[in-house]
1. Could you sort B:131-138, A:113-120 so that the peptide with the highest average Cβ count within 10 Å comes first and the rest follow in order?
2. Cut-off is 10 Å between beta-carbons; in what order do B:R160, B:R245, B:R232 appear when sorted fewest neighbours first?
3. Highest GNM mean-square fluctuation, chain A, Cα pairs closer than 10 Å: which of A:G104, A:G61, A:G221?
4. Using only alpha carbon pairs under 8 Å that are at least six residues apart, calculate the relative contact order of chain A and give it in whole percent.
5. Could you state the orientation-averaged shadow area of the convex hull built on the Cα atoms of chain B, in nm² to one decimal?
6. Test of understanding: ordering A:T247, A:T168 by Cβ neighbours within 10 Å, fewest first, what list do you get?
7. Compute, for the stretch A:48-140, the length of the dipole vector about the Cα centre, with Cβ point charges of +1 (Lys, Arg) and -1 (Asp, Glu) only. Units Debye, rounded to 20.
8. Per the helix-only calculation at 222 nm, which mean residue ellipticity applies to the protein assembly as shown, given -39500 (n - 2.57) for every DSSP H run of n ≥ 4 and division by its residues, nearest 500 deg cm²/dmol?
Amino acid sequence: MAVETQKMEDYRLEEEPYYLPVGNEVELFTAAYEAHLPVMLKGPTGCGKTRFVEHMSWKLGRTLVTVGCHEDLTASDLVGKYTLRGDETVWQDGPLTTAVKAGGIAYLDEIVEARKDTTVVIHPLTDDRRILPLEKKGEVVQAPLEFQLVISYNPGYQSVLKDLKHSTKQRFVALEFDYPEASLEEEIVKQESGVDGDVAERLVKVAEKVRNLRTHGLEEGVSTRLLVYAGQLIQGGVEPLAACEATICRPITDDLEMQRSILELVNTQF
Amino acid sequence: MSTQGGGGAGNVGMYVGRDMLAAVPEERRDDYLQLVQEISDLKYQLGVEVARQLPRLFQEQDDEAIERYLDQVRAIAEVGWKSGVEVAKQLPDLYHAPDPSIADAYVEIVTEATVGAPDDEETQAFAAELEDLERQLREIEPKQQRATELKSLLAARDRRDERRRKHAQELAAALPPILARLRPKHRDCYMREVRLVASADPEAALEAANTMLDLLNGERVSHDGAAEWVRRGLDVLEKNKEVGRGYFRMGSKYSLEVLEELREGLALRQVARVLKLYATALSGRDVAVRGIDEMDSVDRFGPDHIILPADMRFFEDDDRNFVAYKVAAAHGAARIEFGTYRFTLDEIPDTVAELTTKYGLGAA
């Protein structure tokens, strides 16, 4: 019986991902890593959770295996399964197993979207046992000290049904993320999109105002990621108004009046 | 059945069977058909009988007998067609009687029997009187119908007038409180237009009185616009009272369309939510945008309300009017955000101290 493992080189980061710390998250993550504790990142979409994990992965010199969780993701998809290759039955490691074996960082993005059995699978990895049972294979993988499990979720739009259980939540060191304060966000937008400070400042002001609408019909405010997109379009020669309409107004709402009011805010700034 | 006899035979085919026509010598068939047609024009049943009897007379090729037969049939038919049918049936046989005068005597007897004795004077007088009465009755019938129509019309008008008086009374009660709420500058326009509607239909005037109050007080329409709105409503009212009342109640699509057409400037209700979201985003507070016509229902000095005109008419185009609204909304949002009206007497000492610190003693 053959065993296939994905090449870890596929997950290795070549360059340092840009990340501007907004608080003590780097220190906290580093401390958790050194203490072999799993980490949970909470925060709205597009605020930099994934970039932070990438940055820490590069900083700690670990490979990063990211799994975008979805409602059809099963425990087998994570740990691995038997597949047929011609006449042979082959065990295919899942991304979690790959990360565990390689002593990398396994990042399960939006973990609450996955099916419930996946959270059961990660439990033994999050306590002092640090093991990953491969039930179908009758094997237990002991995680090396370098391995770290990181999960993320966005409490903003999780329903009661989709919230994480306390038995899961209380296994993690939680780092809370939010949109960076204005000066930091301007710096991020500048750095990531290449726009000058003035444009970055205006974009961030628009975002600040739009985020005020979060309890007035918007599920989420404008993410830093969208501001970067807007900056990239502007840097590429698109008129600021059109760029903001395409990256800020339209993605965050289908409500035409909401779109118009946001566009008026953009108009005020540009 | 077939006419076969040429163009002048008309409907003679109805009476002439193929066998009858075949019994007539070929060269006389047109004559036969024409004669049958002529007699049947007098009476259908006579035509049928003559069509049966004539072929034998044509076979005898005795034109004189044919002429005599037809004359006698015509004569008897003149006094009574039923007798004529029977005579037409019997005569050809009588022409062959040993005594040729029998046929003539037979016709005379039947004629006299049919005509009877001349009427006496009394009978003739009865008949004349009856005829005269019947003529008068025929003449009076349309008049009776017209009288019935007029009764219905007058009754309907009575009911209408009664309703009119009832609605006029309701209008009399309703107008004073409405006038008390009307802004003085609209009074002349309001009275003029409501009067126009009232003279046409008091019930519609009741609707118009309320609607015009909202339109004018809410500045939703100018005085000229109000006059035009009423004028078009009166046109509708003239064609159909119920539809017209709906118009003045603002319950018809047309009424709203006319108002929209006459409206000058940008209506707040079209952009209120956009402005609310805009002001909420700017201020970071939950802001409510209200029209000036809604001031009665709002605490106008409350920190979370922005009062704006119901219509913005500074500019010709809506885009610039929207910008004007936006400026006003931004001003309102700033007032809310920075607490312009959040001032209480308790704050005076702190405010004095703050100003003194900031600007020196002269400021306080």
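1. For the peptides B:131-138, A:113-120, the packing ranking is A:113-120, B:131-138.
2. B:R160, B:R232, B:R245
3. Looking only at A:G104, A:G61, A:G221, the biggest GNM fluctuation is shown by A:G61.
4. Taking the mean separation of contacting Cα pairs over the length of chain A, I get 20 percent.
5. In nm², the orientation-averaged hull projection of chain B is 41.2.
6. Fewest-to-most ranking of A:T247, A:T168: A:T168, A:T247.
7. In total the dipole reaches around 360 debye.
8. So the calculated ellipticity at 222 nm is -18500 deg cm²/dmol.
We did not get these values from a lab; they are worked out from the coordinates using the rules stated. Because the structure is a prediction, the values reported are computed rather than measured. Every residue, glycine as well, gets a Cβ built from its backbone with ideal geometry; the counts of neighbours run over all protein chains shown.
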